[in-house]
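See structure below.
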Amino acid sequence: MAELNQDSGGGKKGGKVRSKKNGGKVDLTAMVDLAFLLITFFMLTTSLSKPQAMDVNMPDKNKDKSIVDDIEIADNRSITLLLGSDNKIAWYYGQLASPLSPPAVVDYSKEGIRKIVLEKKAQVPKVSGGKDLIVVIRPSDRSVQRNLVDILDEMKITDVKRFMISKIKPEEVEVLKTNGIYNE
Amino acid sequence: MGKAKVKRASTSIDMTAMCDVSFLLLTFFVLTATARQPETMPVDTPQSTTLDKLPDDNLSVITVGNGGKIFFGVKNPNVRVMTLKNMSAKYNIAFSNEDYEKFKLMDDFGVPIKQLRGLISLEKDKRNMDVQPGIPVDSTEELSNELYHWVQQARLASVEFNRDQEGKVKGWEDPGAMKVAIKADAEEKYAVMNLIIETLRNQKQNKFSFVTGLRHEN
């Protein structure tokens with residue numbers, strides 16, 4: 001107990017006035033406060049400090065240069081995202097030479113790239129006979145790690161099942177340059 | 001008849017039990033909390049909504065930061081030592097037993113293998129970022145791409161270690177292939193990342209993880 005009562009009889013009145021024995025009574029409130037504060041601290045730090053792991057799967061590398069591994073994808077199924085500098089994306093629908101919608105620049109926000117991906121995700125099965133959307137992610141050398149993680153995260157949020165990371169082509173770098181998002 | 005006396009309840013509450021419980025919890029959290037090791041190279045990772053946690057064991061981490069400096073570390077100390085033994089044979093650089101003992105305690109490092117002995121001989125608090133220029137990496141599979149061989153030898157060592165444990169420890173469950181994680185700074189250019197990813201792909205380590213922080217809103 002917080003208060004140790006060492007009063008034995010309690011009935012004697014009118015005896016000698018003694019100094020009241022008060023040694024066993026300790027107020028534990030402050031101690032409990034402190035303990036809970038520390039608990040809260042440890043609870044929060046232990047669960048938050050553990051880093052997250054975002055799994056990435058890359059296709060098998062084709063080391064034989066003689067085999068061209070450009071997979072033919074129907075034009076109306078794929079959108080390509082070119083990750084440029086300054087946290088901007090240039091995207092186009094179809095093939096770059098004859099795009100179904102020409103390259104446009106967006107950002108990584110909810111209103112930017114997510115809107116487009118969701119829109120295309122709904123549109124593609126209608127025009128391609130039930131087949132789903134393929135997103136091709138092409139990070140340029142001037143994009144940063146955050147951009148790649150953001151876009152992979154976006155794929156997870158929009159629940160796009162088919163996406164791949166591949167190497168950017170020189171003509172696509174030109175697209176970034178003309179749009180002014182290939183800066184140091 | 002006198003009035004029925006309303007007994008005044010004491011305002012002080014017995015806190016002993018509460019105190020007991022809270023300290024029990026406190027002890028639990030203190031003991032389970034893993035003390036965060038001070039990192040050789042602090043890295044500000046990007047954030048994602050992924051909830052999968054990074055495993056504690058059976059993992060090797062490639063840290064990239066500070067303008068493309070690459071560090072490498074194997075989580076399991078035994079696998080770490082075996083990796084160094086493999087690398088020592090591969091690059092024909094001898095290490096003493098003392099070196100191996102010290103290397104066992106090193107979480108990560110970022111020097112070319114020729115300078116590794118020098119790094120190991122330094123005091124623990126002197127092995128800071130400034131004396132470590134990073135591990136050489138390029139797009140080849142030659143000896144010049146040291147990261148390629150570090151990862152490869154670590155993977156081989158982990159397979160060997162897991163097989164070894166199977167015979168020694170009862171009820172050992174093989175955790176499978178070692179995972180490779182890339183812990184890169186959010187502002188790290190993709191040019192460097194590409195070299196690392198290609199290095200991993202060259203040895204058919206097509207699956208790897210990016211280490212990220214947690215983002216709550218999406």
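The values are calculated or read from the model by the stated rules, or taken from the named source; none is laboratory data. For clarity, every value in this text was computed on a predicted model and none was experimentally measured. Neighbour counts are summed over all protein chains in view; Cβ atoms, including those assigned to glycine, are modelled from backbone coordinates with ideal geometry.
Residues that are closer than 19 Å to B:Thr83 by Cα, in contact with a strand residue (DSSP E or B) (Cβ under 7 Å, 6 or more places away or on another chain), at pLDDT 90 or above and outside any loop (DSSP other than H, G, I, E, B) do not occur anywhere in the range B:155-162. Looking across the range B:201-218, the residues that are at the interface with chain A (Cβ under 8 Å from one of its Cβ atoms) and not charged (D, E, K, R) come down to B:Asn202, B:Asn206, B:Phe208, B:Ser209, B:Phe210, B:Val211, B:Thr212, B:Gly213, B:Leu214, B:Asn218.
When the range B:111-154 is filtered for residues that are within 18 Å of the chain's Cα centre (by Cα), among the aliphatic types (A, V, I, L, M) and assigned to a helix (DSSP H, G or I), the ones remaining, listed by number, are B:Met129, B:Leu147, B:Val151, B:Ala154. Please work out if B:Ser22 is surrounded by 13 or more Cβ atoms within 10 Å (Cβ to Cβ) and free of Cβ contacts under 8 Å to residues at least 24 places away in the same chain. Spelling it out, B:Ser22 is indeed surrounded by 13 or more Cβ atoms within 10 Å (Cβ to Cβ) and free of Cβ contacts under 8 Å to residues at least 24 places away in the same chain. Among the conditions (1) modelled with pLDDT of 90 or more; (2) more than 9 Å from chain A (Cβ to nearest Cβ), the only one that B:Asp185 does not satisfy is (2).
The single condition among (1) within 11 Å of chain A (Cβ to nearest Cβ); (2) modelled with pLDDT of 90 or more that B:Met178 does not satisfy is (1). Checked against (1) within 21 Å of A:Val56 (Cα to Cα); (2) of a type in the set (D, E, K, R); (3) not in a loop (DSSP other than H, G, I, E, B), A:Lys126 passes all but condition (1). Of everything in the range B:108-132, what is touching a residue at least 24 places away in the same chain (Cβ under 8 Å) and over 15 Å from B:Gly73 (Cα atoms)? Give them in sequence order. Passing the criteria: only B:Arg117.
Could you say whether any residue in the range A:69-79 is at pLDDT below 90, among the basic types (Lys, Arg) and part of a loop (DSSP other than H, G, I, E, B)? Scanning the range A:69-79, I find no residue that is at pLDDT below 90, among the basic types (Lys, Arg) and part of a loop (DSSP other than H, G, I, E, B), so the answer is no. Residues in the range A:1-40 that are more than 21 Å from B:Ile13 (Cα to Cα) and modelled with pLDDT of 85 or more: A:Leu38, A:Ile39, A:Thr40. Screening B:Val64, B:Val21, B:Val30 for residues that are out of contact with any Ser or Thr (no Cβ under 8 Å at 6 or more places or on another chain), part of a strand (DSSP E or B) and within 13 Å of another protein chain (Cβ to nearest Cβ) leaves exactly one candidate, B:Val64.
Exactly one residue out of B:Glu146, B:Glu188, B:Glu160 is buried (at least 21 other Cβ atoms within 10 Å of the Cβ), under 26 Å from B:Asn78 (Cβ atoms) and not aliphatic (A, V, I, L, M), and it is B:Glu146. Among the residues of this structure, B:Ala154 does not count as one that is within 14 Å of chain A (Cβ to nearest Cβ), of a type in the set (Gly, Ala, Ser) and in contact (Cβ under 8 Å) with a residue 12 or more places away in the chain. Among the residues of the range B:173-185, the one identified as surrounded by 20 or more Cβ atoms within 10 Å (Cβ to Cβ) and among the acidic types (Asp, Glu) is B:Asp185.
Conditions tested, residue by residue: (1) touching a residue at least 12 places away in the same chain (Cβ under 8 Å); (2) within 27 Å of B:Lys183 (Cβ to Cβ); (3) among the small types (Gly, Ala, Ser).
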| position | (1), (2), (3) |
| --- | --- |
| A:Ser128 | yes, no, yes |
| A:Asp153 | yes, yes, no |
| A:Lys156 | no, yes, no |
| A:Ser166 | yes, yes, yes |
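Scanning the range A:97-114 for residues that are modelled with pLDDT of 85 or more, more than 28 Å from the chain's Cα centre (by Cα) and outside any strand (DSSP E or B) yields a total of 0. Being surrounded by 17 or more Cβ atoms within 10 Å (Cβ to Cβ), within 14 Å of chain B (Cβ to nearest Cβ) and touching a residue at least 24 places away in the same chain (Cβ under 8 Å) is true for just one of A:Arg114, A:Arg142. Which residue is that? From the options A:Arg114, A:Arg142, the qualifying one is A:Arg142. Does A:Met43 satisfy the criteria of being over 30 Å from B:Gln203 (Cβ atoms), in a loop (DSSP other than H, G, I, E, B) and either at pLDDT 80 or above or within 11 Å of chain B (Cβ to nearest Cβ) (or both)? No; evaluated as a whole, the condition is false for this residue. Just the residues that are in contact with a strand residue (DSSP E or B) (Cβ under 9 Å, 6 or more places away or on another chain), farther than 13 Å from A:Gly84 by Cα and not in a strand (DSSP E or B), please, taken from the range A:129-149. Within the range A:129-149, A:Asp132, A:Leu133, A:Val149 qualify.
Might you check whether a residue that is under 30 Å from B:Glu187 (Cβ atoms), surrounded by 12 or more Cβ atoms within 10 Å (Cβ to Cβ) and within 14 Å of chain A (Cβ to nearest Cβ) occurs anywhere in the range B:75-97? It would help to see each step written out before you state the result.
Going through the range B:75-97, the residues under 30 Å from B:Glu187 (Cβ atoms) turn out to be B:75, B:80, B:83.
Next, from what is left, pick out any that are surrounded by 12 or more Cβ atoms within 10 Å (Cβ to Cβ): B:75, B:80, B:83.
Add one more test, that the residue is within 14 Å of chain A (Cβ to nearest Cβ), and what stays is B:75.
Yes, the range B:75-97 contains a residue that is under 30 Å from B:Glu187 (Cβ atoms), surrounded by 12 or more Cβ atoms within 10 Å (Cβ to Cβ) and within 14 Å of chain A (Cβ to nearest Cβ).
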